[in-house]
Amino acid sequence: MESFINTIIRGETVENMKKMPDESIDFCFADPPYFMQLEEGKKLYRVEGTEFDGVDDEWDKFESMDAYKTFTIEWLSQVRRLLKKDGAICVISGMQSVFEIGTILRDLGFWVINDVIWQKSNPTPNFGGTRLNNSHETMIIASKSKQSRITFNYKTGKELNGGKQMGSIWTFPVCSGNERLKDSHGNKLHNTQKPEALLYRVLALFTKVDDLVLDPFGGTMTTGVVAKKMGRNYVMIELDEKYVKYGEERLKSVKPTIGDIEKAVYDIKPTRVTVKEMVDSGFLNIGEKFYHKNGLTGILINDRGHLDYNNKVESMHEVAGKMMGRDRRVNAFQYLYVKRNDELVSIDKIRSEVRKIKDKRLGKGK
Ligand SMILES: C[S@@+](CC[C@H](N)C(=O)[O-])C[C@H]1O[C@@H](n2cnc3c(N)ncnc32)[C@H](O)[C@@H]1O
């Protein structure tokens, strides 16, 4: 696998995936042919009469829907073989083929987790006024199987969404301006170049630093570019030599910037620290008083966190609840204190100090 990592493979995707080892990929982003089925020779015109350059590329053509489905089964089967057991895929498509792709994903044993609507803030109009303006695409997120424990950086999503739980409708403009790659004549290089912002969110939510991300339909290499920027590894596959050439140039100029979102620091669970570790390291003492701010006290009688309170021995969480007049346990770390230099210090703060030392010893930390 080593030789494929951080490269663009030029060639047919199924044939090339067959050369890769089982269970070697953490995440796949796939933007396959949509099978737009535009009528041969039929051109689209803007209201003012100029021709609109839609997706009528050779790579989007299939003999029939059956041929498209056969191809979809082939490439998705390869992706599923390549994914690690806890791996996941995000496939993007439109109404032309998203239903077929969804059915095939399920038939192959993938487990659908979410469908995300990418709402385009600047969609192409329906020039003829014959139907609704098609202003979204759908991304299906699925794990390799129902049992997969996929990476999902929930709190990172919340952070990206201004502190609110991330929903499944994402609004981004289609790729335009400087981001849009041009060929040597100044024309749009690729008809379906995806915006980097979309990929950034997908990779921030579903991958980790150093993960290996596969894109079987590389195009202008947007996935590779964003993966590299975010400190992920990539394998890109693309049939068209021209896209590979431009994509290689694009990837060369990318420099990684790995901040808190990229590292998903919001989702890193704090290292577990036990009362025994706090006692053994001398931060808590058997026989000392634990205080609630209302003046009630208990005495720590062992390194399992039991307190003697009103001549009864119970866990500090039970005791904290009783001190507060509740008929249930509460988190003692939120409510109990010990005295240091005559001042009340929260046992949670003490636990954080012990955690810092432990993290250092384990070589963890930002
Ligand atoms: C929808 S575009 C992907 C665009 C890409 N996400 C981007 O941001 O530029 C699909 C790409 O897949 C390529 N492709 C289509 N069929 C292929 C095949 N069988 N093997 C390899 N590449 C293929 C096309 O040349 C095209 O560039």
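Mind ranking 143-149, 320-326, 158-164 by how tightly packed they are, going by the mean number of other C-beta atoms within 10 angstrom, highest first?
320-326, 143-149, 158-164
Near the amide H of Glu314, under 5 Å away, which other amide H atoms are found, from residues 5 or more places off or on another chain, if H is placed in the peptide plane?
Leu307, Tyr309
List Asp22, Asp327, Asp280, Asp211 from most exposed to least, where exposure is judged by having the fewest other Cβ atoms within 10 Å.
If I rank by nearby Cβ atoms, fewest first, I get Asp327, Asp22, Asp280, Asp211.
If you average 1/r over all unlike Cα pairs in region 2-267 and invert the result, what Kirkwood radius do you get in angstrom?
19.1
Between Asp210 and Lys289, what is the label-point separation in nm under the 7 Å Cα-to-beta-carbon projection?
My value for the distance between the label points is 4.9 nm.
Quick check on the chain: helices-only [θ] at 222 nm, where DSSP H runs of length 4 and up contribute -39,500 (n - 2.57) each and the sum goes over total residues. Nearest 500, please.
-8500 deg cm²/dmol
Suppose a student asked you for the relative contact order of the chain, using Cα pairs under 8 Å spaced at least 6 residues apart; what percent would you report?
RCO, the chain: 15 percent.
List the residues whose amide H sits under 5 Å from the amide H of Ile237, counting only those 5 or more places along or on another chain, with H placed 1.01 Å from N in the peptide plane.
Under 5 Å from the amide H of Ile237: Ile9, Asp215, Phe217, Gly218.
Largest first, please: the extent of the C-alpha atoms of region 275-362 along each principal axis, to the nearest Å.
39, 25, 21
Quick note: the coordinates plus some simple rules give every number you see, no bench work behind them. Just so we're clear, the structure is a prediction, and the values are computed from it rather than from any experiment. Every residue, glycine among them, receives a Cβ derived from its backbone with ideal geometry; neighbour counts consider all protein chains shown.
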